[in-house]
Amino acid sequence: MDNDKAEAAGTRGFDAEAAAWDDDPGRVKLSEDIARAVRQEITLGNDMDMLDFGCGTGLLTLRLAPLVRSAVCADSSRGMLDVLQGKIEQGGIGNVQTLHLETDGRDELAGGFHLVVSSMTLHHVPDIFRLFEKFARVTLPGGHLCIADLDPDEGKFHSSNEGVFHHGLDRSALAAAMQEAGFEEVRHRTVSGVVKFVVGEGMTVFTVFLMIGRKKPS
């Protein structure tokens, strides 16, 4: 889901969008592309615990959950989490649980995770480094952080930029922030392209990257 919504504020009305969120084939394809890239970059196993921060309706989580021991899906939109909970119950999925986060950012993430993922979320987060510090605290030594987000988009990706704090993210700056927060072996790759209509420009491709970092040993 497009959010930090723990830090950003839930201003876009994600609750109202939740029921139809998965109806967008482009959004579904993007989650498939990101999940494929994560599987290629990280060796997943049934001894691993995962956190999906800004999980939305679980499009990414549910593609990775069969390959890990457990997954915690965190989001500040109750509507999104309700949709995800319905999928969990309907599918009899026993290793995925939801976590509601307050929109004012007071929540402190807890637990120890072998893998933290966050997809299309950081551009909604005012203070990315502060969030990386939180990620570093809950990522186990040797564990991985995987961030998927937009390359710089000049503010053209969203039909409304309400609640959008970054018009895409500079990969070099993001990598530096990840390293400063305590991650090493940072690398990135382009994993997908989202095609959208932009007024005055027509159909436009917005590239999405995956950035991977490994938590430094204690």
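Below is a table of values for the structure above.
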{"item": "Hits in segment 25-56 (condition: farther than 17 Å from R189 by Cβ and of a type in the set (G, A, S))", "result": "G26, G45, G54, G56"}
{"item": "Residue satisfying all of: in segment 174-207; under 26 Å from I42 (Cβ atoms), modelled with pLDDT under 95 and not β-branched (V, I, T); surrounded by the fewest Cβ atoms within 10 Å (Cβ to Cβ) among these", "result": "G193"}
{"item": "Out of A65, A71, sole residue that is out of contact with any helix residue (DSSP H, G or I) (no Cβ under 9 Å at 6 or more places or on another chain), surrounded by 21 or more Cβ atoms within 10 Å (Cβ to Cβ) and at pLDDT 95 or above", "result": "A65"}
{"item": "Meets criteria (buried (at least 23 other Cβ atoms within 10 Å of the Cβ) and in contact (Cβ under 8 Å) with a residue 24 or more places away in the chain) for H114", "result": "no"}
{"item": "Residue count for segment 74-94, restricted to those that are surrounded by 15 or more Cβ atoms within 10 Å (Cβ to Cβ) and over 21 Å from E17 (Cα atoms)", "result": "1"}
{"item": "Criterion (at pLDDT below 95 and under 19 Å from S192 (Cα atoms)) met by exactly one of D23, D4", "result": "D23"}
{"item": "Whichever residue in segment 136-173 is β-branched (V, I, T) and either under 12 Å from L210 (Cα atoms) or in a loop (DSSP other than H, G, I, E, B) (or both) and, among such residues, is modelled with the highest pLDDT", "result": "I147"}
{"item": "Any hit, segment 166-180, residues being basic (K, R) and under 30 Å from E201 (Cα atoms)", "result": "yes"}
{"item": "Complete set of residues in segment 17-49 that are free of Cβ contacts under 8 Å to residues at least 40 places away in the same chain and either buried (at least 20 other Cβ atoms within 10 Å of the Cβ) or not charged (D, E, K, R) (or both)", "result": "A20, P25, V28, A35, Q40, T43, G45, N46"}
{"item": "Residues satisfying the stated conditions in segment 117-135, i.e. over 19 Å from C55 (Cβ atoms), in a helix (DSSP H, G or I) and not aromatic (F, W, Y)", "result": "R130, E133"}
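The values are calculated or read from the model by the stated rules, or taken from the named source; none is laboratory data. Quantities reported herein were computed from a predicted structural model and do not represent experimental measurements. Positions of Cβ are generated from backbone atoms using ideal geometry, with glycine treated the same way; all protein chains shown enter the neighbour counts.
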